[in-house]
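This report refers to the structure that appears directly beneath it.
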2 protein chains.
Amino acid sequence: MKEFRCVLTNLEKHIQLTPEEVNLFISHLHHAKLQKQETLLEQAAFCDAIYFVNEGMLRAFSLAEDGKEHTVMFATSDWWITDMFAFVKEQKSVVSIEALVPSSVLRLSKLDYEELLFQIPKLERFFRILMQNAYIREQRRSMENLALPAKEKYEIFKNRYPEISKQLNQKQIASYLGITPEFLSMIRNNS
Amino acid sequence: MKEFRCVLTNLEKHIQLTPEEVNLFISHLHHAKLQKQETLLEQAAFCDAIYFVNEGMLRAFSLAEDGKEHTVMFATSDWWITDMFAFVKEQKSVVSIEALVPSSVLRLSKLDYEELLFQIPKLERFFRILMQNAYIREQRRSMENLALPAKEKYEIFKNRYPEISKQLNQKQIASYLGITPEFLSMIRNNS
DNA sequence: CCTATTTCTTAAACTACTTTATTTGCCATC
DNA sequence: GATGGCAAATAAAGTAGTTTAAGAAATAGG
């Protein structure tokens, strides 16, 4: 039961479930542990689940043809992560998701997800709010990418995700900001 | 009734409403016409509504301190538009929304939006899917911003929104791609 | 504790894109 | 048919960020 406490608190931020609904919900979750560097989802594979992070830290990134990695998102405890495009449209994933540190996640398959939405309509509200917040975050990121120079993007990132940024190395941060690790090094040492 | 046909078709893409629900829903919508260049939402004002575009074309953009405009999104017939951050969090808007051509929109106030979600729980599903698609779009845009040079971003934009891009001038497209109009001119004339 | 491997730093040459300025074309209107 | 005003084109000079390469520092593994 202990491994579900965190996800239930997460749900309770937005909706109230009855004890029966709670049981139904968690009966569809499958616990998985990941070692450092282990891959949860492989780029170009079908993505048939969404994951809740209990513990640890994950990174979603796409590997381009030129060999460059672009980090789409990081997820730490209490975050949901998947390749939303692939999950929703049942397409091949455009990202890989890997554990940056030993991690523990709860897996909710697409089938179970849809069944749960059907059986517990309140979950529509929950995921509506989740998607809404994700949209707001991504839109802000797009805007900042267009409007701001690298140094400011870096400062914002550090302030917005202090605990995450402390655990990341330079290459990982650079791949999120869209700059080279060399240039990030310059930014860091010039200020 | 004619002005509601388009939004009802939009709803029907994802949910089925009863005739009573349809009446309730449209009773909360307020029709508004906009002239070319007219502003629907002013940056730094509170944003207390979401808009469905019946006809025309709108643009959401933020004006930075250095005088530069950054276009967040365009919306044409059959799209929903607002400053989602300001709408959801009840904050001051970070964008202005203006009509690029004479336009007609349906306004749904935040209060009515929340009341409708309460009275017609099926709408949670509708907006969940709307937010989900918006999230997917923005995430893809973020990734492309990081990974691709200006020329490719331009080609993708033209292909993804052919009818929109044809109606825009160079400055408007450039402000969406995050480049200067001069550089876009170069891209266009070098190929 | 030593070595191997990865991560970070630094710097010089390079490129994509910006800035500034001038010119050209394009309609709208009197 | 001239005139004003805005959108687009062009080009030269400047800048933010990349590339490449080499060395220093940190970390991990045996």
Being touching a residue at least 12 places away in the same chain (Cβ under 8 Å) and more than 16 Å from DNA strand D (Cβ to nearest atom) is the filter; apply it to the range A:149-167 and report the residue that is nearest to the other protein chains (Cβ to nearest Cβ).
A:TYR161
Determine which single condition B:ARG141 fails, assuming it passes every other condition in (1) under 23 Å from A:GLU144 (Cβ atoms); (2) within 15 Å of DNA strand D (Cβ to nearest atom).
(2)
Given the conditions (1) within 21 Å of A:SER93 (Cα to Cα); (2) in contact with a helix residue (DSSP H, G or I) (Cβ under 8 Å, 6 or more places away or on another chain), report the number of the one that B:ALA147 does not fulfil.
(2)
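Restricting to the range B:149-164, give me the number of residues that are open to solvent by less than 30 Å² (accessible area, probe 1.4 Å) and either at pLDDT below 95 or of a type outside the set (Ser, Thr, Tyr) (or both). Walk me through how you get there before you give the answer.
Start the filter on the range B:149-164 by keeping residues that are open to solvent by less than 30 Å² (accessible area, probe 1.4 Å), which leaves B:150, B:154, B:157, B:164.
Of the ones still in play, those that are also either at pLDDT below 95 or of a type outside the set (Ser, Thr, Tyr) (or both) are B:150, B:157, B:164.
Going through the range B:149-164 one residue at a time, the tally reaches 3.
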Test B:VAL95 against the criterion of being within 16 Å of DNA strand C (Cβ to nearest atom) and more than 20 Å from B:HIS28 (Cβ to Cβ), and give yes or no.
no
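For the range B:62-78, state whether one or more residues are under 23 Å from A:MET143 (Cβ atoms) and away from chain A (no Cβ under 14 Å). Spell out the reasoning first.
Going through the range B:62-78, the residues under 23 Å from A:MET143 (Cβ atoms) turn out to be B:62-76.
Okay, now just the ones that are also away from chain A (no Cβ under 14 Å), so B:76.
There is at least one residue in the range B:62-78 that is under 23 Å from A:MET143 (Cβ atoms) and away from chain A (no Cβ under 14 Å).
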Only one of (1) of a type outside the set (A, V, I, L, M); (2) on the phi > 0 side of the Ramachandran plot; (3) modelled with pLDDT of 95 or more fails for B:GLY67. Which number is that?
(3)
Which numbered condition trips up B:ASN190, out of (1) more than 25 Å from A:ASP66 (Cβ to Cβ); (2) polar (S, T, N, Q); (3) over 20 Å from the mean Cα position of the chain (by Cα)?
(1)
Can you name every residue in the range B:90-148 that is surrounded by 17 or more Cβ atoms within 10 Å (Cβ to Cβ), touching a residue at least 60 places away in the same chain (Cβ under 8 Å), hydroxyl-bearing (Ser, Thr, Tyr) and within 24 Å of A:PHE126 (Cβ to Cβ)?
B:TYR113
Any idea how many residues of the range A:102-134 are facing chain B (nearest Cβ under 9 Å) and charged (D, E, K, R)?
4
Can you tell me which residues in the range A:168-191 are within 11 Å of DNA strand D (Cβ to nearest atom) and free of Cβ contacts under 8 Å to residues at least 12 places away in the same chain?
A:ASN169, A:ALA174, A:THR180, A:PRO181, A:GLU182, A:MET186, A:ASN190
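Among strands (runs of 3 or more DSSP E) lying entirely in the range A:1-80, which contain 1 or more residues that are free of Cβ contacts under 8 Å to residues at least 40 places away in the same chain, among the hydrophobic types (A, V, I, L, M, F, W, C) and surrounded by fewer than 15 Cβ atoms within 10 Å (Cβ to Cβ)? Steps first, answer last, please.
Numbers: elements: A:30-34, A:39-41, A:49-55, A:57-63, A:69-76.
It comes to A:57-63.
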When the range A:1-27 is examined, which residues are found to be touching a strand residue (DSSP E or B) at 6+ places or on another chain (Cβ under 6 Å) and at pLDDT 95 or above?
A:CYS6, A:VAL7
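The values are calculated or read from the model by the stated rules, or taken from the named source; none is laboratory data. Predicted model, so just to flag it, every value in this text is computed and none were measured. Because the Cβ atoms are built from the backbone with ideal geometry, glycine has one as well, and the counts that use them run over all protein chains shown. Heavy atoms of the whole protein, side chains included, go into the accessibility calculation; ligands, DNA and RNA do not. Shrake-Rupley method; radii C 1.70, N 1.55, O 1.52, S 1.80 Å.
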